Amino acid sequence: MFQTLYSYFWWERLWLPANLTWADLEDRDGRVYAKASDLYITLPLAFLFLVVRHLFETYVATPLAGLLNVKEKVRLKATPNVVLEKFYAATSKHPKQADVEALSKKSGCTVRQVERWFRRRRNQDRPSLLKKFREASWRFTFYLIAFIAGMAVIVDKPWFYDLREVWKGYPIQSMLPSQYWYYMIELSFYWSLLFSIASDVKRKDFKEQIIHHVATIILISFSWFANYIRAGTLIMALHDSSDYLLESAKMFNYAGWRNTCNNIFIVFAAVFIITRLVILPFWIMHCTMFYPLDLYPAFFGYYFFNFMMVVLQSLHIFWAYLIIRMAQKFITGKVVEDERSDREETDNSEEEEEVAKNGPLSNGHPVLNNNHRKTD
């Protein structure tokens, strides 16, 4: 049965145009072609990336955070309470008003104390500023190096300037060593992101991130199997062109360099919109959808590849919406924040009580001199 499924999976009509077989892509005369077995190396490389990431975050990102004066917010811890903790862990982190009132009676706390306890408990579970900075530093470093390496791989190739060259001679297109390593490193990195997603900073687009990583892994793998390497290298370099800008903006945001963060973010927004909403759909996707039909009839691999491209493009539109919302905040003079982030909650009710009794507070203590402006 396994052998039957295996033969169906690798049926030439699924992966290659009509009248072509895998035998046409066997190495000969010094010309090397992409093979599915080449991708086995990406899994151990992904775990190697996780090790390198840990070392980088410990010995590079953490000292860098200290140099940039990345400061943690003082978080008030929720007092131990068995009843509230059980509800928090088993039922909901955001209890409804009826639940709050029931928990108040069970725990012996007032309604306001229960609400305050849940706010503080949720804040305890949120990732620290240092964790966010370290993660952004790692991704910035990889995306920047990957973009530079990707441009080095494709900038001297004829298909970088003329997209019709992408399909010239397809699929009998031999592979270069630089293309091999570019593919292996990119795919390994996205495997590592998928492996670490449960422990990474969770944002509001958590599900979209999973879809993005899975779609990217499938696209890269499929383009390798079907020898769509020329198109694949263009797509990967295009994606890396804006990602390092976003991660650098996050780093400066966590460090409190608001003006630098905002300026980089505007550059990122412009690059993202141009590359993901203009170049990708109107140049690259046009190239993958229409140019191949001049050479051979459409086959399953053609439809599958372009379907996955549409999935990615849908995610780009979703993220572009968030980016435009942040850009509007910047234009109106507000601080640019990541719309996907889970914001820290404050004990507003507690502060209101203390202000009424003792005047304004600073870190839980009355402010003796209230004439100073609060600065970011």
**Message:** Every residue in segment 5-46 that is assigned to a helix (DSSP H, G or I) and farther than 25 Å from residue 302 by Cβ, please.
**Reply:** 40, 41, 43, 44, 45, 46
**Message:** When the residues of segment 13-43 are narrowed to those that are farther than 23 Å from residue 293 by Cα and open to solvent by less than 40 Å² (accessible area, probe 1.4 Å), which ends up modelled with the highest pLDDT?
**Reply:** 42
**Request:** Identify, by number, the condition in (1) under 17 Å from residue 200 (Cα atoms); (2) charged (D, E, K, R); (3) crowded, with 18+ Cβ neighbours inside 10 Å that residue 115 doesn't meet.
**Result:** (1)
**Item:** Those residues of segment 250-281 which are crowded, with 19+ Cβ neighbours inside 10 Å, among the aliphatic types (A, V, I, L, M) and in contact (Cβ under 8 Å) with a residue 60 or more places away in the chain, in sequence order
**Value:** 251, 255
**Prompt:** Just one of the numbered conditions (1) under 25 Å from residue 292 (Cβ atoms); (2) outside the structural domain of residue 250 (by the TED database); (3) open to solvent by 50 Å² or more (accessible area, probe 1.4 Å) is not true of residue 3; which one?
**Reply:** (1)
**Asked** Since residue 61 meets every condition but one in (1) open to solvent by 70 Å² or more (accessible area, probe 1.4 Å); (2) not in a loop (DSSP other than H, G, I, E, B), which condition does it not meet?
**Response** (1)
**Item:** Given (1) at pLDDT 90 or above; (2) open to solvent by 10 Å² or more (accessible area, probe 1.4 Å); (3) touching a His at 6+ places or on another chain (Cβ under 9 Å); (4) within 22 Å of residue 125 (Cα to Cα), number of the condition residue 193 does not satisfy
**Value:** (2)
**Fill in**
Per the list (1) aliphatic (A, V, I, L, M); (2) in a helix (DSSP H, G or I); (3) over 30 Å from residue 221 (Cα atoms); (4) in contact (Cβ under 8 Å) with a residue 24 or more places away in the chain, residue check on residue 78 breaks on (2)
**Message:** Just to verify a result, which residue in segment 156-179, among those that are outside any loop (DSSP other than H, G, I, E, B) and crowded, with 17+ Cβ neighbours inside 10 Å, is farthest from the chain's Cα centre (by Cα)?
**Reply:** 167
**Fill in**
Given the conditions (1) of a type in the set (Gly, Ala, Ser); (2) surrounded by 17 or more Cβ atoms within 10 Å (Cβ to Cβ); (3) closer than 29 Å to residue 172 by Cα, every one holds for residue 46 apart from (3)
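The values are calculated or read from the model by the stated rules, or taken from the named source; none is laboratory data. The structure presented is a predicted model; accordingly, all values stated were derived computationally and were not measured. Please note: Cβ atoms are built from the backbone with ideal geometry, for glycine as well, and neighbour counts cover all protein chains shown. We work out accessible area using only protein heavy atoms, side chains counted, and drop any ligands, DNA or RNA first. Shrake-Rupley method; radii C 1.70, N 1.55, O 1.52, S 1.80 Å.
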